[in-house]
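Engineer: Supplied in structure tokens, the structure appears directly below.
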Amino acid sequence: MKKRLSFVLLLLLVWFKIWETRAVSSPLTAVLTYHNDIAHTGQNTNETLLTLANVNANSFGKLFTYSVDGYVYAQPLVLTNVTIPGLGIHNVVYIVTEHDSVYAFDADSNAGTNAGLLWQVNFLNPAAGISSVNSTDVDCTDLVPEIGITSTPVIDPSSGTIYVEAKTEEFTNNTTNFVHRLHALDVTTGAEKFGGPVVIAASVTGSGAGSVSGRVSFDSQWQMNRAAVTLNNGVIYLGFGSHCDTGPWHGWLLAYNASTLQQIATFNSTPNGLGGGIWHGGNGPSFDAAGNLYMMTGNGKFDGTTNKDYGDSVLKLSTSSGLTVTDFFTPANQGFLYTNDLDLDSGGTVVLPDEVGSTAHPQLLVGASKKGVIYLLDRNNLGKYNPAGDRMVEKMAVLGANFSTPVYFNYTLYYLGVQDSLASFAISNAFISNASADQGSTQFGFPGATPSLSANGLNNAIIWAIQSDAYYNGGSAVLRAYNATNLSQELYNSSQAGTRDLPGAAVKFTVPTIANGKVYVGAQYTLSVYGSLLPPVVILSAQFTSNGVFQLQLSGPIGGNYVLQASTDLTNWSAVSTSTPASSPFYLTDPNATNSPGCFYRAVAELP
């Protein structure tokens, strides 16, 4: 009876080291928001399949590509174990396009009975005069050839909802209107929820650009939602800037109840001026554990101490009752930044963990400007405005022009500026090393890149980035992977295998998503999925033979060693047999199984 009990436990606890380490029982990881979390650290530290050893052009590459109907500027999102009506349970990758479409694809495969496209919704209706927005209609060609869904959505797994902001151009009764809507879609079907969508509108008291009779209204033609849709404590936040600084525009932050889609708060960054867009290079506002919201603004008027205009500023907003500025930081050279189009908010902020703080500055925030200046700020005293000189924890002009949000991981910041290479900066005791601790060898052109990180705890840390500087002439994007502790070691790039792994024509500001052994990359009219090129290791059977030998039958890649290990406590393991199979399937055995009253087994694959 003891062996029978051990045999049952074996089936539950056997795990496999595919390439390096993989636990069959490891929980799946979801990526529900831009840059992974509400602090926007960009790290996924639950990645057990992608390792320093197996991310290379021999064993890693493009698995398949999905076609979509437009450019993909938004970061792909992943939700696991989703029940799709009539199609069973899937891990799902969600993607949105500038053609105003939302797609739900199988995240693991584009083949098989229930794989591939799970559902798609599109918000256009040409017969009714509803189209995507033509770039010429906003006097700006930053987004081409059309404007629809630009920002990264956000997923609420508890309600099974994906929130999407979409822009359309609508011609009715000989009149053209521009409309922004917030959609709440069922993650299983794409159906609208909570009575949505809702048309986005807002107004505040003010005398700023476009004001009428002392009110400034949200102008749907000129406003653009580039900042990621963000969810915190049951509230959806939408940040708006402009298209190429054209039209009477402002920075708007709008808050909606996630369950009713009712607008519950409105904030305008320049109610008595112009500009102050909330853009962030695609990032959304970040939050601390107390629910305080942090964001930056771009070119615009500043007179925050008198008229509440906060151009080129870092803002801390209380969300407990509306949206109220409780603290701010504005550089002493704000006028110079405004005049020379050097937006402070060209990239996004990261709320740093307390582990990098000091006694004097225990809670920190980091962000960088278009000029390439990194600002380290105290979240409890941002510094406000001091024309005689900035008050902040630290300021460093060490980057090329910046349009990105950094990764934070293990006391290190990773930035990738324009005409610069991937660089890491050590941070501890409220101090960032003023020289790069490590640097990659490949220089990125405009717009640099927002990197992402995968790791298994602190092990097998990999920095991923999409090089998109060929976007202007239709050239391909390049997915690159670096050893996070030695950036001079490029593990992989998607051009190493000729055309095999190319993700498609580049789209600027794209960010890769890493989850469950896969990497997802958006491009022009495509979503590419990367992962292991090796066949999987599969348990076919596990049994005791008539003479008491334990026998495990496997199928998997050949060309390496498979080691059967045994343990009585799941802590201390010893090898009992090794096999170098010439074909698959094959067996691993323990001829001395009867000598132990009960033990656990695991198989470790040592593959090239």
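The values are calculated or read from the model by the stated rules, or taken from the named source; none is laboratory data. On a predicted model such as this, the values are computed, not experimentally measured, just so you know. Cβ coordinates were reconstructed from backbone atoms using ideal geometry, including for glycine residues, and neighbour counts include every protein chain displayed.
Engineer: Name, by its number, the condition in (1) part of a strand (DSSP E or B); (2) among the polar types (S, T, N, Q); (3) in contact with a Phe, Trp or Tyr (Cβ under 7 Å, 6 or more places away or on another chain) that does not hold for Asn91.
Structural biologist: So the condition that Asn91 fails would be (3).
Engineer: Do the conditions hold for Thr266, that is, is it among the hydroxyl-bearing types (Ser, Thr, Tyr), surrounded by fewer than 17 Cβ atoms within 10 Å (Cβ to Cβ) and farther than 25 Å from Val314 by Cβ?
Structural biologist: no
Engineer: Next question. Looking only at region 536-553, count every residue that is without any contact (Cβ under 8 Å) to a residue 60 or more places away in the chain, of a type outside the set (Val, Ile, Thr) and over 16 Å from Pro591 (Cβ atoms) and tell me the total.
Structural biologist: So the count comes out to 2.
Engineer: Given the criteria surrounded by fewer than 24 Cβ atoms within 10 Å (Cβ to Cβ), assigned by TED's automatic domain parsing to the domain that holds Thr405, free of Cβ contacts under 8 Å to residues at least 12 places away in the same chain and closer than 29 Å to Ile155 by Cβ, does Ser259 qualify?
Structural biologist: No.
Engineer: Let me ask something else about it. List the pairs whose first member sits in region 563-587 and is outside any strand (DSSP E or B), whose second member is among the small types (Gly, Ala, Ser), and whose Cβ atoms are under 8 Å apart, counting only residues at least 6 apart or on separate chains?
Structural biologist: As it stands, the answer is Thr568/Ser596; Thr568/Gly598; Trp573/Ala566; Trp573/Ser567; Thr580/Gly560; Ser584/Ser555; Ser584/Gly556; Pro585/Ser555, since those pairs meet every condition given.
Engineer: How many of the residues in region 144-181 are over 20 Å from the mean Cα position of the chain (by Cα) and on the phi < 0 side of the Ramachandran plot?
Structural biologist: Qualifying residue count, region 144-181: 18.
Engineer: Also: Being crowded, with 24+ Cβ neighbours inside 10 Å and under 23 Å from Tyr163 (Cβ atoms) is true for just one of Gly300, Gly322, Gly275, Gly239. Which residue is that?
Structural biologist: Exactly one residue qualifies, and that residue is Gly239.
Engineer: Tell me, which strands (runs of 3 or more DSSP E) lie completely within region 172-281 with 2 or more residues that are within 29 Å of Asn307 (Cα to Cα) and not hydroxyl-bearing (Ser, Thr, Tyr)?
Structural biologist: It comes to 215-217, 235-242, 252-257, 263-268.
Engineer: More than 23 Å from Gly445 (Cα to Cα) and buried (at least 23 other Cβ atoms within 10 Å of the Cβ): which single residue out of Leu337, Leu377 fits that description?
Structural biologist: Leu377
Engineer: Further question on the same structure: So how many residues does region 411-464 have that are of a type in the set (D, E, K, R) and closer than 22 Å to Val507 by Cβ?
Structural biologist: Adding up the residues that qualify gives 1.
Engineer: May I pose another question? Within region 511-528, can one find any residue that is farther than 25 Å from Ala30 by Cβ and either small (Gly, Ala, Ser) or in a loop (DSSP other than H, G, I, E, B) (or both)?
Structural biologist: There is no residue in region 511-528 that is farther than 25 Å from Ala30 by Cβ and either small (Gly, Ala, Ser) or in a loop (DSSP other than H, G, I, E, B) (or both).
Engineer: Which numbered condition trips up Gln75, out of (1) in contact with a Leu (Cβ under 9 Å, 6 or more places away or on another chain); (2) under 22 Å from Asn36 (Cα atoms)?
Structural biologist: (1)
Engineer: Within region 397-416, work out how many residues are buried (at least 24 other Cβ atoms within 10 Å of the Cβ), modelled with pLDDT of 95 or more and in a loop (DSSP other than H, G, I, E, B).
Structural biologist: Total satisfying the criteria: 6.
Engineer: Could you check region 94-117 and list, in sequence order, the residues that are surrounded by 17 or more Cβ atoms within 10 Å (Cβ to Cβ), assigned to a strand (DSSP E or B) and either in contact (Cβ under 8 Å) with a residue 60 or more places away in the chain or of a type outside the set (Ser, Thr, Tyr) (or both)?
Structural biologist: Selection gives Tyr94, Ile95, Val96, Val102, Tyr103, Ala104, Phe105, Asp106.
Engineer: Could you check region 422-452 and list, in sequence order, the residues that are small (Gly, Ala, Ser), part of a loop (DSSP other than H, G, I, E, B) and touching a residue at least 24 places away in the same chain (Cβ under 8 Å)?
Structural biologist: Listed by number, the residues that qualify are Ala430, Ala435, Ser436, Ala437, Gly440, Ser441, Gly445, Gly448, Ala449.
Engineer: Now, a different point. Where the second residue is part of a strand (DSSP E or B) and the first is over 22 Å from Trp252 (Cα atoms) and lies in region 159-181, which pairs have Cβ atoms under 6 Å and are six or more apart or on separate chains?
Structural biologist: If the second residue must be part of a strand (DSSP E or B), the pairs left are Thr161/Ala184; Glu170/Ile130; Glu170/Asn177; Glu170/Val179.
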